[in-house]
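Quick notes on the structure that follows.
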Amino acid sequence: MTDERFDELMRDAKKTYRTPPTADFDAMWDSIEAAHFGGATGTTRLRERPRGSRLPAMQWMGIAATLVVGIGIGRLSLRLEHAAPAAPPVTAMGPAGSADRIDTTMARPYEIETSQYLGQTAALLVSLPTETRTADPQFAMRAADLLTRTRLLMDSPAANDPAMRSLLDDLELVLMQVVRLQGSGSRTDLDLINRALEQRDVIPRLRTAAAATSAN
Amino acid sequence: MDPDRRASPSPEQTPGDHDRTFLAGTASNSQHVNRSAVALQSSYRVSEPDLIARVLAGDRIAARELYDAHSPRVFRLAFRLTGDADLAREFTQDTFVRAFGQLARFRGDSALSTWLHRITVTVVANAMRKVKRFRERETDLEDVHPINSDGPGVDPVLRERLHRAIDGLSEIYKTTLIMHDIEGYTHTEIAEVLGVAEGTCKSRLSQARAQLRAALSDLAPEFGS
């Protein structure tokens with residue numbers, strides 16, 4: 001009798017305990033396909049670009065202007081360097097072939113911009129809110145600004161170094177999630193950010209890179 | 001209760017999950033693969049090892065075939081273990097991304113489904129530890145799972161208490177109980193998925209049931225005897 005009643009209860013649980021809902025398997029496949037095979041056909045949840053710009057047009061123009069000036073100064077300084085007697089490049093790299101080290105032999109304007117960017121990004125990620133409902137709106141704006149600068153740096157000579165490039169790729173991913181966090185307010189998103197930070201070892205790499213660039 | 005019954009196919013499960021043969025189409029790696037494309041191009045059956053070989057060669061159609069065959073059961077398992085549709089979706093995606101990334105390491109010692117479910121359980125267990133940290137801060141109201149009222153004859157209070165008791169089991173007992181009693185895996189399958197001996201699996205199930213009985217004993221005193 002006892003066993004029968006318990007068995008009846010467990011049979012009921014089979015039907016009633018966490019009954020799986022219907023799922024959009026095609027949408028899930030899109031994410032899996034994009035993550036595994038790459039390409040432009042699908043978008044993963046992690047790599048989804050935020051919809052629309054979160055920065056005012058004037059801010060975009062200011063950033064673009066800064067970049068143009070930076071590129072101009074960089075090219076000018078490169079020409080001057082070529083005109084002067086060649087000197088061995090100064091790098092912050094350790095033993096040759098160490099893929100995790102950041103090659104900081106970039107033009108001075110990029111060096112300064114990269115150093116500032118890395119420091120600010122490290123500060124932002126370290127102060128990531130632990131609770132979405134208490135997230136500061138300014139936080140998302142800072143993240144959006146840093147995301148823009150990440151993408152600009154990815155298209156600059158600063159990203160010529162593979163390790164720096166890899167770091168920027170990861171930071172772009174993380175910052176995109178941080179920007180989205182403000183809109184979604186989802187705990188899962190916050191958890192994903194923390195997971196991405198841990199799995200990709202982002203904070204230690206960021207600090208190493210920041211230290212390397214600021215030392216120059 | 002039958003201690004080691006065979007897993008019964010779920011309504012969402014495809015026949016391919018059992019006979020380990022799949023509909024397969026021609027490779028087309030340059031285009032997005034959707035269900036209709038697979039259906040149009042599917043014309044003959046290939047074995048699971050062949051399908052795996054094609055996935056390893058970069059065949060998206062073959063990958064989609066594997067996904068179609070296994071994703072419903074992976075999603076079901078992820079949902080039963082998490083009770084959260086968003087998380088289940090996320091973990092299903094993670095499972096397949098990991099599985100495709102590590103497919104070259106699959107040696108065929110066990111069924112592909114077993115290997116996939118092992119990844120699922122690992123993904124869920126690792127992620128849920130972090131998710132729990134956030135959940136602990138939530139109110140009791142948010143912890144209440146909606147209950148499917150299908151199943152007359154069982155006292156709703158007892159049912160709710162049982163669900164709570166299952167939620168409260170420790171991870172190893174809960175996983176074993178859900179896989180066996182709720183999802184219908186055999187002890188052999190669970191042992192392979194969890195990487196433990198069958199005896200261990202049976203012992204865990206027995207312990208889990210004993211804990212549930214104890215948790216319900218105030219409502220149903222005979223369970224405590």
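Just so it is clear, none of the values below were taken in a lab; they were calculated from the coordinates. Because the structure is a prediction, the values reported are computed rather than measured. As a convention, Cβ positions derive from the backbone with ideal geometry for all residues, glycine included, and neighbour counts pool all protein chains shown.
Structure notes:
- Long-range HN-HN contacts of residue B:46 with modeled amide H, under 5 Å: B:22, B:24
- Sorting B:106, B:75, B:91 by the number of Cβ atoms found within 10 Å of their own Cβ, with the fewest placed first, yields B:106, B:75, B:91.
- Placing a label point 7 Å from the Cα of residue B:47 along the Cα-to-Cβ direction, the residues of the range B:95-124 with a backbone N closer than 16 Å are B:107-113.
- Between residue B:125 and residue A:211, the distance separating the two model label sites (each 7 Å from Cα on the Cα→Cβ line) works out to 3.5 nm.
- 14 Å beta-carbon shell around residue A:120, net charge (K/R +1, D/E -1): +1
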